[in-house]
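To start, the structure under review is shown below, and the notes come after it.
What follows draws every value from the coordinates through simple rules; no lab data is involved. A quick note: this is a predicted structure, and the numbers were derived from the prediction, not measured. Positions of Cβ are generated from backbone atoms using ideal geometry, with glycine treated the same way; all protein chains shown enter the neighbour counts.
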Amino acid sequence: MELVLLASTRCGVTTVTATGALDLATSSEATTFLFGQLDRGNHRLLLDMDGVTFLSCAGLSALLTVEHRARQGGGWLRLTGADKGISGRVLDLTGTHAVLGTASSVPSPPTFATTSGPKTLGIRSTGASVDA
């Protein structure tokens, strides 16, 4: 499976758009990508989960790890687009939606931005690891 992450920063809020599966095969690299945002000083992360097609317990663990580290740095991780589909169901069943939170309290930033990405993570059907 494959996961594509694209980050953009506007007014101190970094939006990361995730597309694909967040599972055992991609969770470690997704954590590294999100930690990279935190290491750059982007401690307010908004993760757009609308394009996530599969969320495993490993993916959920990765999100909780990133949220914890963001909070330690005085920031946060909020989810958007996770209220429907498989992501919403997993968050509801596990009760982690209360910990991770939603983006309803995050103001809309202006249109100027800096970006990093896209970053493709995961394993393609050939079995080769991808880190573009």
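Worth a mention:
- Breaking point among (1) surrounded by 20 or more Cβ atoms within 10 Å (Cβ to Cβ); (2) within 18 Å of G101 (Cα to Cα), for T9: (2)
- Pairs with Cβ under 8 Å, 6+ apart, first in segment 37-62 and closer than 24 Å to I86 by Cα, second acidic (D, E) and buried (at least 18 other Cβ atoms within 10 Å of the Cβ): F54/D23; L55/D23; S56/D23; A58/D23; G59/D23
Condition check ((1) touching a Leu at 6+ places or on another chain (Cβ under 8 Å); (2) charged (D, E, K, R)) across all residues:
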residue	(1), (2)
S28	no, no
G36	no, no
D50	no, yes
S61	no, no
T65	no, no
I86	yes, no
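- The number of residues in segment 69-85 that are touching a helix residue (DSSP H, G or I) at 6+ places or on another chain (Cβ under 8 Å) and in a loop (DSSP other than H, G, I, E, B) comes to 4.
- Within segment 42-82, the set of residues being within 15 Å of V4 (Cα to Cα) and under 10 Å from the mean Cα position of the chain (by Cα) comprises L47, D48, M49, V52, G59.
- Hits in segment 26-58 (condition: surrounded by fewer than 19 Cβ atoms within 10 Å (Cβ to Cβ) and in a loop (DSSP other than H, G, I, E, B)): R40, G41, S56
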